1. Check off (1) touching a Lys or Arg at 6+ places or on another chain (Cβ under 8 Å); (2) farther than 30 Å from E135 by Cα for I96 and give me the number that stays unchecked.
2. Can you confirm whether the range 137-156 contains a residue that is more than 23 Å from the chain's Cα centre (by Cα), part of a helix (DSSP H, G or I) and at pLDDT below 90?
3. Can you give me the number of residues within the range 97-130 that are β-branched (V, I, T), modelled with pLDDT of 95 or more and out of contact with any His (no Cβ under 6 Å at 6 or more places or on another chain)?
4. Return the residue satisfying two criteria in turn: it lies in the range 88-111 and is within 10 Å of the chain's Cα centre (by Cα) and closer than 22 Å to T34 by Cβ, and of such residues it is surrounded by the fewest Cβ atoms within 10 Å (Cβ to Cβ).
5. Among residues belonging to the range 35-73 that are among the acidic types (D, E) and part of a loop (DSSP other than H, G, I, E, B), point out the one that is nearest to L3 (Cα to Cα).
6. Exactly one of these conditions fails for R91: (1) more than 30 Å from A170 (Cβ to Cβ); (2) touching a Phe, Trp or Tyr at 6+ places or on another chain (Cβ under 9 Å). Give me its number.
7. Select from the range 3-26 the residues that are part of a loop (DSSP other than H, G, I, E, B) and among the basic types (K, R) and write down the one among them that is farthest from D51 (Cα to Cα).
Amino acid sequence: QFLPLKRGIFQDLMAAHPEQFEREALKQALGIHTRSTRYLQCVAAGQPRHDLQGQPVEDMAPEHVHQALLEVYRRRQGRGPDDLLPKLRARIVRNIEASGLTREDYAERVRTRDEAANALLDEALAELAAKQAREEALLRAFEASGKSLAEFADMYGMDPRTVERSLHSARQRAAAPAAPAADA
């Protein structure tokens, strides 16, 4: 199983096995490994970085996840006739949500000079904004209804688990701005 490597793994390998590796050969090997599609898929999945013992040591930076996701998409898109853009946009939306950053902070961190990638990012940000607006509207309607979660979901013909997830997300976002203001 491939695992994302921690930053500084080259120095760790050289220190742990100085007699076994030639400096340039190890650099080349790590370069080939970290550019492989399987490795990039692990990074794109947002797995944490691991040390030589296979222990997670740090979370993957959102910009690294984003760049790996774009590269994996680029490689896959060239192999088949399927349009993978909708799936890619959905993955970007999930990555934004998983990052814990606001839409604006995420965009600031991952935006590059690649206009096509930036346009795709803008589409994903708009999709996420619409989803969050729907969740917030659902929360307001639920709170105004006075109904239980099951009754509310039934009233709108929705799956109670979906309603619960949407309400939870909207409540978390509503609570998030209050936390930084308390520190000020």
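1. Among (1) touching a Lys or Arg at 6+ places or on another chain (Cβ under 8 Å); (2) farther than 30 Å from E135 by Cα, the lone unmet condition for I96 is (2).
2. Going through the range 137-156, the residues more than 23 Å from the chain's Cα centre (by Cα) turn out to be 137-156.
Checking the rest, the ones that are also part of a helix (DSSP H, G or I) come to 137-145, 149-155.
Of the ones still in play, those that are also at pLDDT below 90 are none.
No: zero hits.
3. From the range 97-130, those β-branched (V, I, T) are 102, 110, 112; that's our starting set.
Imposing the further condition that a residue be modelled with pLDDT of 95 or more reduces the set to 110.
When the remaining residues are screened for being out of contact with any His (no Cβ under 6 Å at 6 or more places or on another chain), the result is none.
Matching residues across the range 97-130 total 0.
4. A98
5. If we filter the range 35-73 for residues that are among the acidic types (D, E), which is where we start, we get 51, 58-59, 63, 71.
Among the residues that remain, those that are also part of a loop (DSSP other than H, G, I, E, B) are: 51, 59.
Working: D51: 9, D59: 12 Å.
Of everything passing the filter in the range 35-73, D51 is nearest to L3 (Cα to Cα).
6. (1)
7. Kept after step one, since they are part of a loop (DSSP other than H, G, I, E, B), are these residues of the range 3-26: 3-4, 6-8, 17-22.
Then keep just the ones that are among the basic types (K, R); that gives 6-7.
Values: K6: 6, R7: 9 Å.
This residue is R7.
Every residue, every condition in (1) surrounded by 14 or more Cβ atoms within 10 Å (Cβ to Cβ); (2) closer than 16 Å to R35 by Cα; (3) hydroxyl-bearing (S, T, Y), yes or no:
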position	(1), (2), (3)
H50	yes, no, no
G54	no, no, no
E58	no, no, no
L70	yes, yes, no
D83	no, no, no
P86	no, no, no
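The values are calculated or read from the model by the stated rules, or taken from the named source; none is laboratory data. Here the structure is a predicted model, which is why all the values come from computation and not from measurement. All Cβ positions, glycine included, derive from the backbone under ideal geometry; neighbour counts span all protein chains shown.
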